[in-house]
1. With without any contact (Cβ under 8 Å) to a residue 24 or more places away in the chain and either surrounded by 14 or more Cβ atoms within 10 Å (Cβ to Cβ) or of a type in the set (S, T, N, Q) (or both) as the only criterion, which of G157, G129, G148 stands out?
2. For segment 353-372: of the residues being at pLDDT below 85 and touching a Lys or Arg at 6+ places or on another chain (Cβ under 8 Å), which is surrounded by the most Cβ atoms within 10 Å (Cβ to Cβ)?
3. Quick one: in segment 182-214, which of the residues that are outside any strand (DSSP E or B) and of a type in the set (A, V, I, L, M, F, W, C) is nearest to S165 (Cα to Cα)?
4. Being surrounded by fewer than 15 Cβ atoms within 10 Å (Cβ to Cβ), in the same structural domain as Y234 (by TED's automatic domain parsing), small (G, A, S) and free of Cβ contacts under 8 Å to residues at least 24 places away in the same chain narrows it down to one of A184, A167, so name that one.
5. For residues in segment 307-322 being modelled with pLDDT of 85 or more and crowded, with 16+ Cβ neighbours inside 10 Å, which is nearest to A463 (Cα to Cα)?
6. Looking at D37, D100, D54 in this structure, which one is in contact with an Asp or Glu (Cβ under 9 Å, 6 or more places away or on another chain) and not assigned by TED's automatic domain parsing to the domain that holds V370?
7. Do we find that P346 is closer than 15 Å to P286 by Cβ and in the same structural domain as Q465 (by TED's automatic domain parsing) in this structure?
8. So I84 clears everything in (1) under 28 Å from A357 (Cβ atoms); (2) modelled with pLDDT under 90; (3) not polar (S, T, N, Q) except one condition, right? Which one?
Amino acid sequence: MQKMARRAICGLALALALAAPAQLRAQIAPSASPSADPVYDGQKAAFEALSEADRRAIQDSLIWSGQYLGVVDGVFGKRTRDAIVAYQTSIKAQANGLVDSAQLAVMTGAAQKARAAVRFQIFTDEKTGVKIGAPLKILDKRVAGDAGYARLMKTDGSITLDLSSAAGGDAKLGLLFAALTADAPGRKITLKISRPDFFVVSGEEAGRKFYERMAKAPANWPDPTMIRGFRLAYPAAQSADLDKIGVAIADSFEPFPAAASSPAAGPVAASEPTPVPAPPPAPARPVFAATGFLVAPGQALSAIGAADCPNPTIDGKPAKFVRDDRELGLSLLSVDSVAGASVNAPSFGAFGPDLVAISYAADEPSGRIVLNVTSASPLALGQGETRPSLLASLSKNARGAPVFDRMGSLVAMIAQSTGEPKLVAGVTPIAPHGAIGADQIQRFLSLTPDASAKAAAAAPLGAGQVAAAERAFVVAISCRR
């Protein structure tokens, strides 16, 4: 928690340091929504209905498009809202502060191109141990230095990123802060923050902007007096291009990415071990495996098969497979009463550009099973493809997750994943996922296409409204080993 707080404070510090004076005044203002602003409250509710991966992707994309100088934390505030509106205005879209799946795909695609254009990569430096992101196309030269120091720079020396690691603890941290914030001719400090375990200093000197951050090791580090940090410097005249890269660098910075679980110990004399009886094996706990959707009282539809999960549980209660169609990739499980409202047959809809997927996912590292609401959009079928695909941010355990249109009708279920998606900055990236369409679901359930149709809503629903209406019918499926 302290690490997250430090990163949040320092990311915001860089945002403030890199902003122009007018922007500074605007960004220092309180970011909380007005007490009576239904438009803001609606924007916030829609943003918070998205998955954490989507929320972070929006903020990260807005950094690379130049509208957001803040922290990528997935938290909605005035800065995030204003950045969304500014982005929508820049692309001549409706500036309503709401990001749908199609717009998110465009934003993330543009951000990926911007990162690729400068070869922005996150790496752990072998000399200092610092984990950080850097634009390696710009900082294309590495300067060899003593142990505990590394420099990445542009070939002409105009842009530099210095990484450092050294012992010294509180005394050195205080001395460095005092030296960096001291008055000097031609030097202007625009921001300084000092805390017991880190500091941030930024400003301008000789026509160059600089941002420096140093942090002390956590108490359980082998050498708790160690301090690590980085310093970024570049011409003030190039602020328009480099400010957003500076924010991305600051957001990626981890001074101690792999904190030791306990302090290093000295050598221990060898001795004969005392035999200790092995404890009895603990009973195997169910392993979370998939998502399901209640389609009738005590019956859940999913995409996990009996071969994958011979002893299923639903929300912790023993269940059994009633049907398992490997060709369609669908299964029906029965379970004694599950908490929730009475279950009616679902209504069905057709694919559209703006869909909502509701799934369960294992929250790492706590292992808690959490509900994940994310936007999704269909992809055009490729040559030879027969099964539709959806673009969404989903974990491998999202198989069986229901997908709804904005009228609240079921349009698909997520098919079984082919593998574990690789996390990007700790979140699941947007990627294609196989889907099972409503026509196949109705065939599996022996329903005629119009058997469960219902009147369409008067107006499209928000993602939060869809989730609120359907979340009681979405269940977590685990497997007993």
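The values are calculated or read from the model by the stated rules, or taken from the named source; none is laboratory data. Just so it is clear, the structure is predicted and the values come from calculations on it, not from any experiment. Note that we place each Cβ from the backbone using ideal geometry, even for glycine, and neighbour counts take in every protein chain shown.
1. Exactly one of G157, G129, G148 is without any contact (Cβ under 8 Å) to a residue 24 or more places away in the chain and either surrounded by 14 or more Cβ atoms within 10 Å (Cβ to Cβ) or of a type in the set (S, T, N, Q) (or both), namely G148.
2. The selected residue is A362.
3. A182
4. Step by step, each of A184, A167 is checked, and only A184 is surrounded by fewer than 15 Cβ atoms within 10 Å (Cβ to Cβ), in the same structural domain as Y234 (by TED's automatic domain parsing), small (G, A, S) and free of Cβ contacts under 8 Å to residues at least 24 places away in the same chain.
5. The selected residue is I314.
6. Of the residues listed, the single one that is in contact with an Asp or Glu (Cβ under 9 Å, 6 or more places away or on another chain) and not assigned by TED's automatic domain parsing to the domain that holds V370 is D100.
7. no
8. Status for I84: all satisfied but (2).
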